Structures are given as structure tokens and as C-alpha cells.
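Each remark here refers to the structure printed beneath this line.
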Amino acid sequence: MEVTDIADTARSFREAGRVAEAAVPGEPLPEGRSFHELSDIGLRQLLYALREDTRIQEYAERQLGRLIDHDTRHGTNLLTTLRHYLDAAGNKTTAARRGNLSRETIYQRLRTIERLLDCDLESGEQRTELHVALTALDVLRTR
């Protein structure tokens, strides 16, 4: 946004600072632009800007820690299965296809995930919480 009044300059600099903090390294610029703007900041960018806040780190760990531990101990990839499921908006058929899994396998893995995380993956709110936690985990791993 163009600033024409000196009083708007401070606000403009604050906004530019927020955008700079939220720019995730390696993410492409919006099509047709050589810069980011405030309207480009979505969930991933917001979490990236807040990545040093221990509450973000604790949230991701609290939501996904048992699943990550299970994958590490047993050599499984339940976190990836959860990601496919959440990215498919809870559609098991799509999640199975994305993970190259049979429907029977996806159902079994989702039951295991629910048991490990003590959650109900049919709950939109719980799926949203887990999706936010996965996004936080992704940005925490960004360097």
C-alpha cells in the first residue's frame, strides 16, 4: 500500500517488518510479484514468524510427540499417514491413494493414530488442531 501521509509511515514500517518476519525461506514469491505483502501471511507464515516462541514448540510437541516417538521407536511413518489424511480433509480414500496404501491399511493406521494421540479424527476441531501442529512442526524444522 502506498503511503502518502507521514503518519502512516510508522504503520507501513511495522507491516513491512511483520511481512519480513513471516517470509519462509525457500517459499516462492506470489505470481507476478517480486515481493511479499501483508495479505500473503497465512497460517504457515504466521507460525514461522512465531517459531521462536516456546509455546508454538510446546504445542506441536504436545499434539504430535507420542506419534513422533512411536514412529521413531517402531520405524513406522504414521506422521506421514496423518499428513495425507489431514491434507485430504479427512477423506480416507484420497489419503490412502496419496500414501499408496490400501483402504484397510489406512483404516488400521488411522485407528492407531487415534489411540496414540487419544483423539477422534472424525472431529473437525481435532483435525484442525493436528493440522496446525503439523504446520508448526514443518516451520520449526525450516532453517
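The values are calculated or read from the model by the stated rules, or taken from the named source; none is laboratory data. Bear in mind the structure is a predicted one, so any value in this text is a computation, not a measurement. Ideal geometry is used to build each Cβ from the backbone, glycine not excepted, and the neighbour counts take in all protein chains shown. What goes into the accessible areas is simple: the full protein's heavy atoms, side chains included, and nothing from ligands, DNA or RNA. Shrake-Rupley method; radii C 1.70, N 1.55, O 1.52, S 1.80 Å.
Among the residues of the stretch 125-143, is there at least one that is β-branched (Val, Ile, Thr), farther than 20 Å from Leu43 by Cα and open to solvent by less than 30 Å² (accessible area, probe 1.4 Å)? No, there is no match, as no residue in the stretch 125-143 is β-branched (Val, Ile, Thr), farther than 20 Å from Leu43 by Cα and open to solvent by less than 30 Å² (accessible area, probe 1.4 Å). Inspection of the stretch 89-106 identifies at least one residue that is touching a His at 6+ places or on another chain (Cβ under 7 Å), of a type in the set (Lys, Arg), under 29 Å from Glu27 (Cα atoms) and open to solvent by 70 Å² or more (accessible area, probe 1.4 Å).
When the helices (runs of 4 or more DSSP H) confined to the stretch 16-95 are screened for residues that are of a type outside the set (Asp, Glu) and at pLDDT 95 or above, those reaching at least 3 such residues are found at 54-74, 78-87. Leu110 meets all of the listed conditions (1) over 18 Å from the mean Cα position of the chain (by Cα); (2) open to solvent by 40 Å² or more (accessible area, probe 1.4 Å); (3) of a type in the set (A, V, I, L, M, F, W, C) but one, namely (2).
Is the stretch 63-73 home to any residue that is touching a residue at least 40 places away in the same chain (Cβ under 8 Å) and open to solvent by 50 Å² or more (accessible area, probe 1.4 Å)? Yes: one or more hits. Within the stretch 1-15, restricting attention to residues that are part of a helix (DSSP H, G or I) and of a type in the set (Ser, Thr, Tyr), the residue that is modelled with the highest pLDDT is Thr9. Candidates in the stretch 108-142 are the residues that are free of Cβ contacts under 8 Å to residues at least 12 places away in the same chain and part of a loop (DSSP other than H, G, I, E, B); of these, the one that is farthest from Thr76 (Cα to Cα) is Ser123.
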